[in-house]
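Read the structure below first, then the notes.
The values are calculated or read from the model by the stated rules, or taken from the named source; none is laboratory data. The shown structure was predicted, so the numbers you read here are calculated from the model rather than taken from an experiment. Backbone-built Cβ (ideal geometry, glycine too); neighbour counts: all protein chains shown. Ligands, DNA and RNA are stripped out before the accessible areas are found, and what is left, the full protein with its side chains, is counted by its heavy atoms. Shrake-Rupley method; radii C 1.70, N 1.55, O 1.52, S 1.80 Å.
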Amino acid sequence: MWSYQHQHFNVHQIPALNDNYIYLIEAKNSDILAVVDPADASVVNQACARLGKSLTHILNTHHHWDHTDGNKALKQRWNCTVIGAADDAKRIPCIDIQVSENVFPKLDGLNIQILDVSGHTLGHIAYVMDNALFCGDALFGAGCGRLFEGSPEQMWQSLQKLGALPDNTQVYCAHEYTLPNLRFARDIDSNNKELESRIHRDTQTRMKKQPTIPSSIALEKATNPFLRPLNDTFIHTYATAKHIEENALDVFTHLRTSKDRW
Ligand code: ZN
Ligand code: FE
């Protein structure tokens, strides 16, 4: 378990399954202890015991089993409140409170905003509090979620929202996919110096069995292929090389398709 300080809470990062991360958000000025995407109830229970605290809330980003499998057991054990997207309420196990971009959950001592970041699934949401982003499978280190349900337009809209967050926003995504993602990134963005230094740094980090996550919005904008279409020079270079239309959506769509086949 790794821990990070924010103004109003601490974040505890718990590795789970093969490559998932589960996050515990421990409020500093209240008894709130919330878990984001509990893939596995037992590791969450162990972490609660270590902190000596009771679990009060579950925050789900989307319905996939590797994000919700712990809901039922945790609800039974702690009688905690389950929060998820109104747009996906039918597929979130044990959901109690439905939220959306206009309806934020009120948790004592935390200031939570919701972003709809559909694309990987429909009704995929992200939670933003202080300078922390919990984005599930929408954005990864140097990658983004596969488009299982949404369109490229939808996903590009979602990624633009994430790219508009402050540079110092810490990206707490749900998987450790960074190194394989960086190999694709190097292939399509070979003259990017920030990308080179990230590859070097994250490779060292993984050799020490440390997480490459959280990253930051600044780092993702500079090195993540799926946020690079925010940059006009990148659009021009990529579109010219691939003989496609010179606009962000076409470049994003081409990148996503290429990565699926890569
Ligand atoms: Zn997923
Ligand atoms: Fe996942």
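Just one of (1) touching a helix residue (DSSP H, G or I) at 6+ places or on another chain (Cβ under 6 Å); (2) surrounded by 22 or more Cβ atoms within 10 Å (Cβ to Cβ) fails for Leu115. It is (2). Set side by side, the residues Phe226, Phe252, Phe234 differ, and just one is in contact (Cβ under 8 Å) with a residue 40 or more places away in the chain, in contact with a Cys (Cβ under 6 Å, 6 or more places away or on another chain) and surrounded by 13 or more Cβ atoms within 10 Å (Cβ to Cβ), which is Phe226.
Mind listing just one residue for me: the one in region 26-46 that is of a type in the set (Asp, Glu) and open to solvent by 30 Å² or more (accessible area, probe 1.4 Å) and, of those, farthest from Tyr4 (Cα to Cα)?
Asp40
Counting only strands (runs of 3 or more DSSP E) that sit completely within region 17-82, those holding 3 or more residues that are touching a His at 6+ places or on another chain (Cβ under 9 Å) and within 21 Å of Gln113 (Cα to Cα) correspond to 20-27, 33-36. If you go through region 188-203 and keep only what is more than 22 Å from the chain's Cα centre (by Cα), at pLDDT 95 or above and open to solvent by 80 Å² or more (accessible area, probe 1.4 Å), you end up with Lys193, His200. When every residue of region 55-67 is checked against the conditions, at least one turns out to be within 15 Å of ligand 2 (Cβ to nearest atom), closer than 15 Å to Thr81 by Cβ and crowded, with 16+ Cβ neighbours inside 10 Å. Select from region 101-112 the residues that are surrounded by 14 or more Cβ atoms within 10 Å (Cβ to Cβ) and farther than 17 Å from Leu33 by Cβ and write down the one among them that is nearest to the chain's Cα centre (by Cα). The selected residue is Glu101. Go through (1) buried (at least 18 other Cβ atoms within 10 Å of the Cβ); (2) without any contact (Cβ under 8 Å) to a residue 60 or more places away in the chain; (3) over 12 Å from the mean Cα position of the chain (by Cα); (4) closer than 26 Å to Leu249 by Cβ one by one and return the number of the condition Gly123 breaks. It is condition (2) that Gly123 fails. Closer than 24 Å to Ile235 by Cβ and either assigned to a helix (DSSP H, G or I) or more than 16 Å from ligand 2 (Cβ to nearest atom) (or both) - does that describe any residue in region 204-214? No, the conditions are met nowhere in region 204-214. Selection of region 148-165 for residues being within 16 Å of ligand 2 (Cβ to nearest atom) and open to solvent by less than 50 Å² (accessible area, probe 1.4 Å) yields Gly150, Met155, Ser158. Within the option set Asp130, Asp88, Asp37, being modelled with pLDDT of 95 or more, among the charged types (D, E, K, R), at positive phi and within 16 Å of ligand 2 (Cβ to nearest atom) holds for one residue only, Asp37. Return a yes/no flag: does region 75-85 have any residue that is surrounded by 18 or more Cβ atoms within 10 Å (Cβ to Cβ), of a type in the set (Phe, Trp, Tyr) and touching a strand residue (DSSP E or B) at 6+ places or on another chain (Cβ under 8 Å). No, because not a single residue in region 75-85 is surrounded by 18 or more Cβ atoms within 10 Å (Cβ to Cβ), of a type in the set (Phe, Trp, Tyr) and touching a strand residue (DSSP E or B) at 6+ places or on another chain (Cβ under 8 Å). Among residues of region 25-45 that are of a type in the set (Ser, Thr, Tyr), those with a beta-carbon under 6 Å from a residue that is open to solvent by 20 Å² or more (accessible area, probe 1.4 Å) at least six positions away or on a different chain give the pairs Ser30/Asp108; Ser30/Gly109.
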